[in-house]
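Please treat every number below as a calculation from the coordinates, not as lab data. Because the structure is predicted, anything quoted here is derived from the model rather than measured. FYI the Cβ positions are ideal-geometry reconstructions off the backbone, even for glycines, and counts take in every protein chain you see.
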Amino acid sequence: MARFLADNPGLVANRSVLDLGTGTGVAGIAAVAIAGAGRCLLTDVKDCEAIAKQSLRLNAEFLPDGSCTFSEFDWAGAELPEDVAAVLQTDRPVVLISDCLYQFRLLKLLLRLLRKLLNPNTLLIWTYKVRIIEREAAYVEVLQSPVEEGGAGLSFYRANWDVRQQCHHNRFSDVSVVLSALRGGPADAELSERGDVALAPFAGPTGQALAHGWQEHLQEPTT
């Protein structure tokens, strides 16, 4: 994510950014320090607070005062924290989601969360290591599906940006970069017209999710 933002700063320059599942905080810090975002709120569970704040301290010289901060945010919470809501209420906010498409549990929480925090002006930037192609197709299909059908109603555009991530034992893994927005909104129109990033729309729903039985994992409990 950090490398993609460094290569494509126009996506976040002068905008407010929310980094979901920030981990070490590198992506959000790069958004401000390298790509010129106006501010970034790093968010994650309590266990990640220490390492994210350590990253902020180590990079303080590259960050204007108050431009990048950490806030504890558990996706399972009933309400959006005030600082998270404040970022999303700005003009044309950006949400970073880095490597969060690999567990059913996370996808279910993400779906619930996206319905709370997205508005038609919000741009989402996803990066994730490609682990199982069929699973990726299924997850994207669920996120593309209309809200009334249990999805998030998002459009998806794959960025034509080549990068491979070095993994354990010096092996490499492909990394996907995807941009999305609520279908039909201003942010979606902006994506379809962008000239600074080479984008290719994802194919429409293919039935992969249903064929592989992913939907049953997303149902709300009945008791």
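Packing, taken as the mean count of other beta carbons within 10 Å per residue, orders the peptides 185-191, 120-126 from highest to lowest as 120-126, 185-191.
Work out how much length A50 to D83 would gain on full extension: take 0.36 nm times their residue separation and subtract the Cα-Cα distance, in nm to one decimal.
Values: separation 33, 0.36 × 33 = 11.88 nm, distance 1.89 nm.
So the chain would gain 10.0 nm between A50 and D83.
Let me know the volume per residue of the alpha-carbon convex hull for segment 1-103, in Å³. If you can, show how the numbers build up before the last one.
Values: hull volume 10.1 nm³, N = 103.
Taking only Cα atoms, segment 1-103 has a hull volume of 98 Å³ per residue.
Is the shape of segment 53-111 best called rounded, prolate or oblate, per the rule: a/c under 1.5 gives rounded, else a/b larger than b/c gives prolate, else oblate, with a ≥ b ≥ c the square roots of the Cα gyration tensor eigenvalues? Prolate is the answer for segment 53-111, as a/c is 1.5 or above and a/b outweighs b/c.
Restricting the GluC sites (Glu not before Pro) of segment 20-101 to loop positions (DSSP other than H, G, I, E, B) with no more than 11 neighbouring Cβ atoms within 10 Å leaves E79. A cut-off under 10 angstrom between Cβ atoms defines the neighbours of T127, and their net charge, with Lys, Arg +1 and Asp, Glu -1, is +1.
Taking the highest mean first, how do the peptides 193-200, 144-151 order by number of other beta carbon atoms within 10 angstrom per residue? Write down the numbers at each step before the final one.
On the way: 193-200: 12.4, 144-151: 14.6.
Result, highest mean first: 144-151, 193-200.
Order 24-34, 7-17 from most to least packed using the mean count of other Cβ atoms within 10 Å. Walk me through the numbers on the way to the answer.
Values: 24-34: 23.6, 7-17: 19.1.
Output ranking for 24-34, 7-17: 24-34, 7-17.
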